[in-house]
Amino acid sequence: MTADTQKLKSTGNGPEARNDGDANAMWGGRFTAGPAEVMEQINASISFDQRLYAQDIAGSKAHCAMLVEQAIISPEDGAAILSGLDTILSEIENGSFTFKASLEDIHMNIEARLRELVGEAAGRLHTARSRNDQVALDVRLWTRAAVERLEAAVGGLQAALIAQAEAEADSIMPGYTHLQAAQPVTFGHHMMAYVEMLGRDRGRLRDCRARMNESPLGAAALAGTSFPIDRQATAKALGFDRPMANSIDAVSDRDYVLEFLSTGAILTIHLSRFAEELVLWCSAGFRFVQLSDAFTTGSSIMPQKRNPDAAELIRGKAGRVIGALNSLLIVMKGLPLSYGKDMQEDKEPLFDAADTLQLCVTAMTGMVQDMTADRTALRQATDHGFITATDLADWLVRRLGLPFRQAHHVTGSIVRLAEERGCALAALPLSEMQAVEAGINEEIFEVLSVEKAVASRDSHGGTAPAQVRQAIAAAKERFQ
């Protein structure tokens, strides 16, 4: 037997095994040796879950107060614990706290420091509690706050879009289907489409918050506890509507994270679609809007370039949020109840997605506030594509009583004539239109202007400026 083999046998933990006093103290008598170095690396989450410090301390303070109230620990121990937790919070926030990977996670780092500060009393804090319900609580509290921040940011983006819509309620532009000019609309109407989309996003965020607002604290490892705890009291202290009804579900549920990520994925798709339009609209082929130096970049080789990089980055970051959702769906899909260490993989995609969403919404708000619509370019773009053709068909139905399908056929023939002549519909001689449909008269030219076409779309939710202003007023009430 070689010396190396003898060493492996004596430790029983592989070539990188080592003793660690902190780790052993936390795990108690079951373990006599510290983890292998690689085990520490794969097991530790403190590098990212230290972001949960405020939530962990808030949960511990609520739990401690309840333990005192229920006479499970003494008031003296409770006071010492609460004072120690306040000290730790201050240390973390002023940067003097030392996080240790050997202590694995935020819970054990705080508990170890609490033991240094208050001694034996620190060990009483974990009475009637497990890291399983502790982490479930921390992540739920963190996610709830992230939802609130994001919902408020989306509201700010809506306000910026509404301001643009108000300024451009009369500015005519082409509306597109298949990225082909289809019918004239107003720029304000187009902005209000995104206001509605974001309104649904905010609704989903509010729904997500409402569903997650139940407390898992007190579920302990998975079965509850034999101590006479008051879960209603801790739930109320932490701003929850109620405690979760099932202890197994309480520690194994990550639906709220999945729902937040799903809602975020839909939101980022909306942001990406708008970002794509901004990229197009800033290009030489459109020139519908201009962005200032604040939201564009130049080229290292082409001095004439002004690139809408903020929009392009928002478009690209959609993949990160969608990827975060997919990542956690895959983690959760095969897990038996209740808790598995796999669930530690919920935090990095959650944190990254939340940060990405907040950044993208903030950047998009800045771009919307910064952009200037080029009304001349918008209006000139309506001169192409025969975008009042539907108005011609509608006139044939209203004035001549043609069935719409016949009117559609007649209009298509007239469009072909204009295309062959290389002129707009309004420039086509009346005689040539009458050769296709004898009933057409001079009145037809009144409906072929884009201004008349836009003004005529006065149905609820339509693009007529009057309707756009009504929609703006309603949106201010609904969303602001």
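The values are calculated or read from the model by the stated rules, or taken from the named source; none is laboratory data. Worth saying up front: this structure is predicted, and the values here are computed from it rather than measured. Reconstructed Cβ throughout: ideal geometry from the backbone, glycine too, with neighbour counts over all protein chains shown. Just the protein is used for accessible areas: all its heavy atoms, side chains included, with ligands, DNA and RNA removed. Shrake-Rupley method; radii C 1.70, N 1.55, O 1.52, S 1.80 Å.
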Across the range 196-227, the tally of residues that are among the small types (G, A, S), assigned to a helix (DSSP H, G or I) and surrounded by 20 or more Cβ atoms within 10 Å (Cβ to Cβ) stands at 0
So the helices (runs of 4 or more DSSP H) completely within the range 313-419 holding 2 or more residues that are open to solvent by 10 Å² or more (accessible area, probe 1.4 Å) and in contact with a Lys or Arg (Cβ under 7 Å, 6 or more places away or on another chain) are 347-370
If you go through A426, A466, the only one that is under 28 Å from H190 (Cα atoms), within 49 Å of the chain's Cα centre (by Cα), in a helix (DSSP H, G or I) and modelled with pLDDT of 95 or more is A466
Worksheet item: Going by the structure shown, is A136 surrounded by fewer than 20 Cβ atoms within 10 Å (Cβ to Cβ) and part of a helix (DSSP H, G or I)?
Response: no
If we keep only residues of the range 60-84 that are among the hydroxyl-bearing types (S, T, Y) and assigned to a helix (DSSP H, G or I), then the residue farthest from P228 (Cα to Cα) is S83
Residue check: is T296 more than 30 Å from R131 (Cα to Cα), surrounded by 18 or more Cβ atoms within 10 Å (Cβ to Cβ) and within 15 Å of the chain's Cα centre (by Cα)? no
Note: among A435, A471, A453, just one is assigned to a helix (DSSP H, G or I), open to solvent by less than 70 Å² (accessible area, probe 1.4 Å) and more than 17 Å from A389 (Cβ to Cβ), namely A471
| task | Return a yes/no flag: does the range 143-156 have any residue that is farther than 21 Å from I269 by Cβ, open to solvent by less than 10 Å² (accessible area, probe 1.4 Å) and in contact (Cβ under 8 Å) with a residue 40 or more places away in the chain. | result | no
Of those in the range 183-193 that are part of a helix (DSSP H, G or I) and open to solvent by 20 Å² or more (accessible area, probe 1.4 Å), the residue nearest to D255 (Cα to Cα) is A193
Within the range 466-477, the count of residues that are in contact with a helix residue (DSSP H, G or I) (Cβ under 7 Å, 6 or more places away or on another chain) and not small (G, A, S) comes to 3
When every residue in the range 168-182 that is open to solvent by 60 Å² or more (accessible area, probe 1.4 Å) and not in a strand (DSSP E or B) is compared, the one nearest to I472 (Cα to Cα) is D170
Among A62, A71, the single one that is open to solvent by 60 Å² or more (accessible area, probe 1.4 Å), more than 24 Å from T98 (Cβ to Cβ), out of contact with any Asp or Glu (no Cβ under 8 Å at 6 or more places or on another chain) and modelled with pLDDT of 80 or more is A71
